[in-house]
2 protein chains.
Amino acid sequence: MKIVVDAMGGDYAPQSVIKGVVEALKELDVDIALVGLQDKIEAELANHTYSKERLEIIHAPEIVEMKDSATVTLRKKKKSSISVGINLLKDPQYQAFISAGNTGAVVAASTIYLGMIPGVARPGIGLVIPTLKDFSFIIDVGATTDPKAKHLQQWALMAEIYSHVVLGVDNPKVGLLNIGEEASKGTGFAKETHKFMADRLKNFIGNIEANEIFMGTCDCIICDGFAGNIVIKVAQSLMEGAAALLRREIKKSPIALLGAALMKSRLNHIKRHADYSEYGGAPLLGVNGIVMISHGRSSPKAIKNAIRAARGEIEHNIIASIRKEIGE
Amino acid sequence: MKIVVDAMGGDYAPQSVIKGVVEALKELDVDIALVGLQDKIEAELANHTYSKERLEIIHAPEIVEMKDSATVTLRKKKKSSISVGINLLKDPQYQAFISAGNTGAVVAASTIYLGMIPGVARPGIGLVIPTLKDFSFIIDVGATTDPKAKHLQQWALMAEIYSHVVLGVDNPKVGLLNIGEEASKGTGFAKETHKFMADRLKNFIGNIEANEIFMGTCDCIICDGFAGNIVIKVAQSLMEGAAALLRREIKKSPIALLGAALMKSRLNHIKRHADYSEYGGAPLLGVNGIVMISHGRSSPKAIKNAIRAARGEIEHNIIASIRKEIGE
């Protein structure tokens, strides 16, 4: 099993990516192909010891910047680590692609170079999120702007399959993110989507409101990429903000500092549960290949866990499962 | 100054509402008109001591339930506390209306009975939210489904005025909630709205992403009611969820329990800063009268602070300010 990793993607590339890859080689039964500027990759690898026969370096001379538009990337940077890496998936020995780089570019390049799974018209980025109960899966968190109701139905079907096949959830419950519980509530788009979902999904529990997302009310939460992006960005910033506020307040009092020290092990337990890097990357579903998008600020651990998640998708043959269930 | 309060609105009505009203009468220089079932109001008031000449009871025989649709309310419950209370504002001695009841019904009744301020086509619910810096103002959090770009421009102008006139912010910075910083990013709707806002607003700082909302990056955050509702519901549930998680973890270890006890005063400081009830209700802007919507789960303190906030709007003559600035 060989997984392609974009060495140049993310705010701390290539250091953070390569450190994560080296850790993955130690802990996981995978081979890796690192794509990017060969000299930079080699220079960074010189700082590490790793199993050389399990790591391939593939040179890609161009780099997609975070600010580059998806169109520019596709037209003018055909030899970027993203384009070269995704194109590798056409060769069956390369089974998944991971990047912490420009999300729009990864989505566009995956769609163009790999094509879509028949029956899926638009890609969606899914994300495993921690909840008070355990975890849930939310899709789309930002792949497709201005989707149609039909697309959300397709994402819902894929979410159901992903939850069951990859995450091991039996009969995952699926909810539509909306601003009211009744089918008659919300925007025109939400009402139309509700009908599409009720038509086709086995375990559709109807609308769920945003305050239920992190309660673990349902296993799969379906929404458009605008709403999903807001959900995860508010959640992430609030958790970081709350932690910063806690640190600031604690520092104001020596007694509180002592209290915090005594609470440390339990606070760390919560931190681990809430930490996105524990859950690996975000699968780009709908394209005809396994693509995983990691957070731009991915730590080595986040990269390693994204590799672990991609490995799970390969083992469970997620693409074949989606083809079978959704195929038209 | 007399403020009308819906005695029947909210999950804990009329007890919680009346307790809040009694506290307001003690602390604030206002008179109150309580609208609802006279016998229930009187029975509850019998448990309190208060200045009787400053409290008027106005009987309204019908109650709007949380599940009632706005249309049903307007057509079939013309004598509800919401309808009767809002209609009172046509008499100049009654200067504001507050309800913790059915939001959709309050929005619909306000729009129909009070009409809109000239130049504003749709109402928006604003909300003061705590941030890492201090506080910000977000609009709309759920009054209008499927707004047009032009409506967001109007809400932005009102938010600017509200921040300046009522909240005392000099030259409030206004941002558009979107999923990318550049004007070219986001949905078609977001791009169109960006143009409308750039056209007319003095201190438009452009798009802001959801992770910046609670950082205090800008004073006014403008979004459609679907997105705004998601922002506040995710935020509220996460803060409650984090607190529940913290309590659960702390209980697992006696040492952590001791630590928490030592941290209590600092934790309470954060809790107060994050507590929605500290910030009063949510002003319904655009309608031709001062209407404040309180959370369905409003505590007496939340009701009292909503009365305080309505009092601020009356003192600063917010309606006249909006008329003057936005009038066409």
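Summary table
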{"read-out": "Nm distances between copies for B:D170, ranked from closest, using label points 7 Å along Cα→Cβ", "value": "6.5"}
{"read-out": "Within a Gaussian network of chain A (alpha carbon springs, distance under 10 Å), most fluctuating of A:P283, A:P300, A:P118", "value": "A:P118"}
{"read-out": "Proximal lysines to A:K251, defined as alpha-carbon separation beneath 18 angstrom and excluding residues fewer than eight positions away on the same chain", "value": "A:K264, B:K133, B:K264, B:K271"}
{"read-out": "Sorted by Cβ density within 10 Å, fewest first, the residues B:K324, B:K185", "value": "B:K324, B:K185"}
{"read-out": "Ascending count of other beta-carbon atoms within 10 Å, so fewest first, for A:V234, A:V165", "value": "A:V165, A:V234"}
{"read-out": "Among A:Q38, A:Q154, A:Q15: highest mean-square fluctuation, GNM of chain A, C-alpha pairs under 10 Å", "value": "A:Q38"}
{"read-out": "A:A320 paired with B:D199, simple spin-label distance in nm, labels 7 Å along Cα-to-beta-carbon", "value": "5.6"}
{"read-out": "Space enclosed by the convex hull of the alpha-carbon atoms of chain B, per residue, Å³", "value": "146"}
{"read-out": "222 nm mean residue ellipticity, helices alone, for the protein assembly as shown (DSSP H n ≥ 4; -39,500 (n - 2.57); rounded to 500)", "value": "-14500 deg cm²/dmol"}
{"read-out": "Neighbouring partner chain Cβ atoms per residue of A:129-137, average, 10 Å criterion", "value": "1"}
{"read-out": "Average partner coverage of B:24-32, which counts Cβ from other chains inside 10 Å", "value": "0"}
{"read-out": "Cleavage-rule hits (trypsin sites (Lys or Arg not before Pro)) in the range B:214-259: DSSP loop, at most 13 neighbouring Cβ within 10 angstrom", "value": "B:K252"}
{"read-out": "Amide H contacts of A:A60 (H built 1.01 Å from N, under 5 Å, at least 5 apart or other chain)", "value": "A:G36, A:L37, A:Q38"}
{"read-out": "Reference-scaled alpha-carbon Rg (2.2 N^0.38 Å with N residues) for the protein assembly as shown", "value": "1.03"}
{"read-out": "Spatially proximal lysines relative to A:K52 (Cα-Cα < 20 Å; intrachain offsets below 8 disregarded)", "value": "A:K2, A:K19, A:K26, A:K40, A:K304"}
{"read-out": "Inter-copy label distances at B:K324 (7 Å, Cα→Cβ; nm, one decimal)", "value": "7.1"}
{"read-out": "From the C-alpha gyration tensor of the range A:185-328, square roots of 5λ in Å", "value": "36, 22, 13"}
{"read-out": "Chain A: most fluctuating residue of A:A210, A:A244, A:A156 per GNM, C-alpha cutoff 10 Å", "value": "A:A244"}
{"read-out": "Nm distances between copies for A:K150, ranked from closest, using label points 7 Å along Cα→Cβ", "value": "3.1"}
{"read-out": "Dipole magnitude of the range B:121-277 about its Cα centre (Cβ charges: Lys, Arg +1; Asp, Glu -1), debye to nearest 20", "value": "580"}
{"read-out": "For A:222-231, mean number of other protein chain Cβ atoms within 10 Å", "value": "6"}
{"read-out": "Charge-dipole axis of the protein assembly as shown as Lys and Arg at +1 and Asp and Glu at -1 on Cβ define it, positive-most pick from B:S69, B:I314, A:Q154", "value": "B:I314"}
{"read-out": "Potential lengthening between B:E27 and B:E56 on full extension [0.36 nm per residue; Cα-Cα distance subtracted]", "value": "8.7 nm"}
{"read-out": "Inter-label distance, nm, simple model (7 Å from Cα along the C-beta direction), B:D134/B:Q93", "value": "3.9"}
{"read-out": "Proximal aspartates and glutamates relative to A:K67, as straight alpha-carbon distance under 13 Å, when same-chain residues fewer than 8 apart are discounted", "value": "A:D11, B:E181, B:E182"}
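Laboratory data are not the source of any read-out in this text; all were calculated from the coordinates shown. Not measured: the values here are computed from a predicted model. Cβ coordinates were reconstructed from backbone atoms using ideal geometry, including for glycine residues, and neighbour counts include every protein chain displayed.
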